[in-house]
């Protein structure tokens with residue numbers, strides 16, 4: 001890795017972590033407040049509305065998820081006119097999709113109470129919440145193509161800073177609305193729409209500033225370009241369909257079979273794991289621009305080494321938070337959700353741990369998963385994901401209708417199956433498409449799991465020693481063991497020469513300051 005690209009990747013990682021910290025901080029204060037003001041039943045509909053947006057991304061992902069890859073390759077090959085034509089064609093297609101989605105979502109919102117289990121007193125507010133959430137999705141559809149500018153320039157730190165500002169605006173809107181007016185379920189959706197509009201204008205501004213060479217001209221719209229992108233992107237849409245089958249139906253199934261009460265508890269249980277999971281995905285995508293540049297230049301050996309190193313970086317960043325959350329989760333939820341009974345806290349903790357499984361496994365292979373898009377090898381992963389999604393959905397539907405453990409199957413089935421996919425299929429397929437032995441990435445992954453096991457045992461021992469019954473004691477212990485955990489993780493994950501390189505980089509930066 002060159003000095004400049006390594007520096008930029010470090011900036012991207014730091015910015016992504018800061019963005020995650022802001023997001024988790026907002027959720028930390030906002031979720032218990034919303035549960036207290038609205039009740040867990042109503043809170044569950046916020047997560048359910050967001051799940052419906054996942055269904056919509058099945059359509060939009062075909063274009064927007066793959067466009068950055070093709071624009072980046074064309075740009076770095078010096079084919080700027082081709083990159084401009086792709087950009088403009090996708091923008092026109094997105095505008096058309098946004099109009100179609102707007103019409104469909106309006107009809108869907110009007111008849112929402114027909115196919116969802118909604119308490120009578122919440123029907124109007126739930127419909128407003130879904131309507132605003134759908135409108136936000138329409139705005140994000142128009143915004144999507146402009147985010148590729150940061151990807152092409154390997155400046156994902158710009159996106160992270162933008163996300164930080166967006167999340168702070170969202171939090172400010174929520175506080176203002178709940179302070180000045182009586183509590184309403186749709187305030188969160190309204191605040192999200194406000195932050196979404198900010199993102200629209202911010203992304204357009206960023207594109208004009210860092211990627212002016214790529215021109216926007218709707219007259220250059222080329223249906224052949226759209227068809228070409230769809231030919232590759234359809235596999236990512238199918239992949240999103242698989243993701244929806246595995247995770248997007250959990251709250252909906254819970255709503256229709258187990259009631260709004262358990263749906264609310266499941267939504268609470270998924271809040272923190274999903275936040276850490278989003279960090280996992282974000283960190284994985286941080287490396288994608290550099291991977292794409294190396295692939296475009298056909299530096300495959302360097303790409304393989306970079307892929308190995310990124311798995312260690314992600315493991316180092318994420319293993320300690322995952323181990324800490326699992327070890328101290330019960331105390332955290334007891335303090336975070338004081339309105340819930342001990343039985344409800346235990347249920348939330350178990351569902352949280354089950355949800356964490358998939359993200360824990362992906363934390364060591366998420367960057368490898370990005371190679372599918374970089375190399376445009378998407379068909380086999382889609383079929384694997386589709387099989388897992390259909391199997392997961394079938395198991396859950398059978399379980400909720402035949403056992404008393406339905407909610408655990410809803411939280412854990414897809415998580416376990418997706419975790420196995422991340423550990424078995426993803427590293428083997430990444431090695432295959434790069435022309436290497438299928439075991440190429442496993443030594444690094446095994447080191448990661450050994451490190452996690454050591455961290456988890458250490459944290460559980462500490463948990464049994466200290467009585468953590470206040471925020472001060474919990475935070476003090478978590479910070480202490482977290483620092484120790486990161487120190488111990490360094491030699492466990494990295495080889496001596498890698499540690500020396502990291503030390504030299506840090507020393508150099510400190511001397512410059």
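Derivation of every value follows stated rules applied to the coordinates shown; laboratory data play no part. Computed from a prediction, not measured in an experiment: that's the story for all the values here. Counting neighbours? That spans all protein chains shown, and the Cβs are built from the backbone with ideal geometry, glycine included.
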Quiz item: In bins 10 Å wide, starting from 0, what share of all Cα pairs of the stretch 82-177 does each bin hold, as a percent?
Solution: 13, 30, 32, 19, 5, 0
Quiz item: In angstroms, what radius of gyration and Dmax does the stretch 390-476 have, counting Cα atoms only?
Solution: 19.2, 53
Quiz item: Among 167-175, 357-365, what's the highest-first ranking by average C-beta atoms within 10 angstrom per residue?
Solution: 357-365, 167-175
Self-check item: Cα centroid separation, the stretch 258-305 to the stretch 136-200 (Å)
Solution: 19
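Between residue 466 and residue 487, take the C-beta separation as r, use R0 = 30 Å, and let me know the FRET efficiency to the nearest 0.05.
Once the sixth-power term is evaluated, E becomes 0.95.
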Exercise. Please work out how much length the chain gains when fully extended from residue 210 to residue 416, using 0.36 nm per residue of separation minus the C-alpha to C-alpha distance, in nm with one decimal.
Key: 70.0 nm
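Summarise the long-distance tail of P(r) for the stretch 427-502 by giving the % of C-alpha pairs beyond 22 Å.
Values: 1286 of 2850 pairs.
Everything past 22 Å amounts to 45 percent.
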Quiz item: When all alpha-carbon pairs of the stretch 330-377 are counted, what percent fall beyond 14 Å?
Solution: 62
Practice problem: Can you give me the P(r) profile for the stretch 322-418? Cα pairs, bins 5 angstrom wide beginning at 0, each as a whole percent. | Solution: 2, 12, 16, 18, 17, 14, 11, 6, 3, 1
Quiz prompt | Rg [Å, one decimal], Dmax [Å, integer] - the chain, C-alpha atoms | solution = 22.7, 69
Quiz item: So how do 113, 94 line up by other beta-carbon neighbours within 10 Å, fewest first?
Solution: 113, 94
Exercise. Please report the relative contact order for the chain, taking Cα pairs under 8 Å with a sequence separation of at least 6, and give it as a percent rounded to a whole number.
Key: 20
Quiz item: Give me the Kirkwood hydrodynamic radius of the stretch 181-306 in Å, from all C-alpha pairs, to one decimal place?
Solution: 19.5
Exercise. Would you please state the base-10 log of I(q)/I(0) at q = 0.15, 0.18, 0.24 1/Å for the stretch 254-327, with intensities from the Debye formula using one equal scatterer on every alpha carbon?
Key: -0.67, -0.79, -1.04
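If you build the Cα gyration tensor of the stretch 294-349 and take the root of 5 times each eigenvalue, what three semi-axes come out, in whole angstrom, biggest first? Kindly include the intermediate steps, with their values, before the conclusion.
Details: eigenvalues 366, 21, 10 Å².
Over the Cα atoms of the stretch 294-349, the ellipsoid semi-axes are 43, 10, 7 Å.
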Self-check item: For the stretch 458-503 and the stretch 97-129, distance of Cα centres in Å
Solution: 46
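For the chain, what is the mean residue ellipticity at 222 nm derived from helices alone (per DSSP H run of n ≥ 4: -39500 (n - 2.57); sum divided by total residues; nearest 500 deg cm²/dmol)?
Working: 20 runs with 431 residues, N = 513.
Per the formula, -29000 deg cm²/dmol.
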